[in-house]
1. Tell me, which residue of region 9-56 that is hydrophobic (A, V, I, L, M, F, W, C) and more than 22 Å from MET217 (Cα to Cα) is modelled with the lowest pLDDT?
2. Give MET173, MET113 a once-over and let me know the one that is under 23 Å from ASN56 (Cα atoms), within 16 Å of ligand 1 (Cβ to nearest atom) and not charged (D, E, K, R).
3. Would you call THR103 more than 17 Å from the chain's Cα centre (by Cα) and modelled with pLDDT of 90 or more?
4. Do you know which of the residues in region 58-69 that are more than 9 Å from ligand 1 (Cβ to nearest atom) and buried (at least 17 other Cβ atoms within 10 Å of the Cβ) is nearest to THR92 (Cα to Cα)?
5. What is the one condition in (1) more than 29 Å from LYS11 (Cβ to Cβ); (2) among the β-branched types (Val, Ile, Thr); (3) free of Cβ contacts under 8 Å to residues at least 12 places away in the same chain that VAL104 does not satisfy?
6. (1) within 26 Å of LYS193 (Cα to Cα); (2) over 18 Å from the mean Cα position of the chain (by Cα); (3) charged (D, E, K, R): which one isn't true of ARG91, the others all being true?
7. If only one of ARG91, ARG78 is modelled with pLDDT under 95 and not acidic (Asp, Glu), which one is it?
8. What pairs come up if the first residue lies in region 44-57 and is within 21 Å of PHE82 (Cα to Cα) and near ligand 1 (Cβ under 7 Å from one of its atoms), the second is in a loop (DSSP other than H, G, I, E, B) and modelled with pLDDT of 95 or more, and their beta carbons are under 8 Å apart, counting only those six or more places apart or on different chains?
Amino acid sequence: MKKTTWDRNMKLLELKNVSKSFGGLKAVNNVSLQIDPGEFVGIVGPNGSGKTTLFNLISGVFLPDSGQIIFESKDITRLPAFKRAPLGIGRTFQIPRPFNSATVRENIAVGVMFGTRSREVNVEQSMHLAEEIVERIGLGKHREKEAASLTPVEKKLMEIGRALAMKPKLLLMDEAMAGMHPNDIDNMVKFLKMMAETENIAIVAMVEHIMRAVVGMAEKVIVLDQGAKLVDAPTEEALKDPRVVEVYLGHPPEETHAAS
Ligand SMILES: Nc1ncnc2c1ncn2[C@@H]1O[C@H](COP(=O)(O)OP(=O)(O)O)[C@@H](O)[C@H]1O
Ligand SMILES: [Mg+2]
């Protein structure tokens, strides 16, 4: 592929003054941000701060009331969701939505078929590519099981696998690691970092109560509060910001310790 200065300077994703209301409630309020290719970004914010809505706007589940969404210099603001995935916008859902009666491998093959390779692969090739991913996410021994039989954590892993199978340029992870054991989170974080680097996937991961995972991986942290962007800074800087401590922890450090 042609590498010009323009290409290198191109932002992967840009949001310009994006807003979305539900009734009178501003779920996402005038948010602007940008994500570079291969960048790892942590999204932090209390419950109801608009994180999932932001992901829904980027992936096309909802259209914004105002503002603009640009992906690889292309205005995708009004593009339907099914046309965004093949461009390279992949995501996991806060509540996994597996095809329950399909096997783990088949579920992941669906990711291949609806992702950036949708025009290149047939079913057989998708199943083959899925096999490799099943192994890499550690579900090898469950590959021929029905998705319905997986534990909640295994379903989350499968969800991550399905998103990676899309071979996205941008991967939005909505509480993808919630409920996992800290050791499994550490392993997943390493794996994702490796994927981000080797496959040049920008990852925007939502992190609630697993600060460790953000610190370990994110180059940048974005904090949302009541739908508005409060902080957008390199991780170390963001973590020193008293507003982050207040919004993220929401209570003094002693209590935090007791509560975790
Ligand atoms: N489909 C919807 N209909 C109505 N209100 C919604 C909908 N989705 C989210 N909201 C509201 O928007 C706000 C932000 O929600 P959400 O984006 O889910 O926050 P987060 O993911 O940060 O917890 C909340 O007040 C929530 O109740
Ligand atoms: Mg949410």
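1. Out of the qualifying residues, it is MET10.
2. MET173
3. Criteria met by THR103.
4. This residue is SER59.
5. Failing condition for VAL104: (3).
6. So ARG91 meets the others, but not (2).
7. Result of the check over ARG91, ARG78: ARG91.
8. THR53/PHE62; THR53/GLY227
The values are calculated or read from the model by the stated rules, or taken from the named source; none is laboratory data. Computed from a predicted structure; not experimentally measured. Glycine also receives a Cβ, built like all others from the backbone with ideal geometry; neighbour counts cover every protein chain displayed.
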